[in-house]
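Asker: Let me give you the structure first, and then I'll get to my questions.
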Amino acid sequence: MKHEFVQKVYYADTDAYGVVWHGAYLRWMEAGRCLWCESSGIDLIDLDKNHDIVIPVVGLNIRYKSSAKLADTVIVETSLEKAGALSAVFKQVIRGEDGKIFVEAQVETVAVNSEGKLYRRMPEVLANAFK
């Protein structure tokens, strides 16, 4: 399943050169993964409060291909690329309305408890949702 959302580029998203600051893309990617989870029936607050599960990023492979600029509209696409016994890898693409790709990334996440201890096996509630 692929999830998309649209984001307008504001002044706060740009750097001194008038292009989107590299960290803004990471913020949008985080929002994309949260929205993907919601649309897949994964309630991140419930996971944390009732199951003691949080899903941090442990690996990021990102390729900046082009720069979005102030007032551009970007589309953030998120899909689950791979779900394994220990981790889940998301594919994320940020592109313009014309299809021009600004960023491509693979983001690896794991499940840990509130103290940061890694679950040795993906908790069942997540494994079922990732199927």
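Asker: I'd like to know if the range 113-126 contains one or more residues that are within 16 Å of E30 (Cα to Cα) and touching a residue at least 40 places away in the same chain (Cβ under 8 Å). Full working, then the answer.
Answerer: Step one: filter the range 113-126 for residues within 16 Å of E30 (Cα to Cα), giving none.
No, the range 113-126 contains no residue that is within 16 Å of E30 (Cα to Cα) and touching a residue at least 40 places away in the same chain (Cβ under 8 Å).
Asker: Does the range 105-112 contain at least one residue that is of a type outside the set (A, V, I, L, M), touching a residue at least 12 places away in the same chain (Cβ under 8 Å) and part of a loop (DSSP other than H, G, I, E, B)? Give the steps one after another, and end with the answer.
Answerer: We begin by selecting, within the range 105-112, every residue of a type outside the set (A, V, I, L, M); these are 106, 108-109.
Still in the running and touching a residue at least 12 places away in the same chain (Cβ under 8 Å): 106, 108-109.
Next, from what is left, pick out any that are part of a loop (DSSP other than H, G, I, E, B): none.
For the range 105-112, residues of a type outside the set (A, V, I, L, M), touching a residue at least 12 places away in the same chain (Cβ under 8 Å) and part of a loop (DSSP other than H, G, I, E, B): absent.
Conditions tested, residue by residue: (1) within 10 Å of the chain's Cα centre (by Cα); (2) part of a loop (DSSP other than H, G, I, E, B); (3) among the charged types (D, E, K, R); (4) exposed (fewer than 12 other Cβ atoms within 10 Å of the Cβ).
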{"residue": "G41", "(1), (2), (3), (4)": "no, yes, no, yes"}
{"residue": "K49", "(1), (2), (3), (4)": "no, no, yes, yes"}
{"residue": "S67", "(1), (2), (3), (4)": "no, yes, no, no"}
{"residue": "E77", "(1), (2), (3), (4)": "yes, no, yes, no"}
{"residue": "F102", "(1), (2), (3), (4)": "no, no, no, no"}
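Asker: Continuing with this model, one more query. Would you confirm, using the coordinates I've provided, whether I45 is in contact with a Leu (Cβ under 6 Å, 6 or more places away or on another chain) and either over 14 Å from V103 (Cα atoms) or crowded, with 17+ Cβ neighbours inside 10 Å (or both)?
Answerer: So I45 fails the test.
Asker: Now for a different question. Out of the range 17-37, which residues are surrounded by 15 or more Cβ atoms within 10 Å (Cβ to Cβ), in contact (Cβ under 8 Å) with a residue 40 or more places away in the chain and not in a helix (DSSP H, G or I)?
Answerer: Listed by number, the residues that qualify are V19, V20.
Asker: Just one of the numbered conditions (1) under 28 Å from Y10 (Cα atoms); (2) touching a residue at least 24 places away in the same chain (Cβ under 8 Å) is not true of S40; which one?
Answerer: (1)
Results for (1) under 30 Å from V125 (Cβ atoms); (2) modelled with pLDDT of 95 or more, shown as yes or no for each residue.
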residue	(1), (2)
H3	yes, yes
K8	no, yes
D13	no, yes
A16	no, no
G23	no, yes
W28	yes, yes
A31	yes, yes
L44	yes, yes
K49	yes, yes
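Asker: State all residues of the range 1-16 that are of a type in the set (F, W, Y), exposed (fewer than 15 other Cβ atoms within 10 Å of the Cβ) and not in a helix (DSSP H, G or I); if no residue qualifies, say none. Break it down into steps so the answer makes sense when it comes.
Answerer: Step one: list which residues in the range 1-16 are of a type in the set (F, W, Y), which gives 5, 10-11.
With the extra rule that they be exposed (fewer than 15 other Cβ atoms within 10 Å of the Cβ), the set shrinks to 10-11.
Y10, the sole residue that qualifies.
The values are calculated or read from the model by the stated rules, or taken from the named source; none is laboratory data. As the structure is a computational prediction, the values presented were derived from the model and not from experiment. For neighbour counting, all protein chains shown are included, and Cβ atoms are generated from backbone atoms with ideal geometry for every residue, glycine included.
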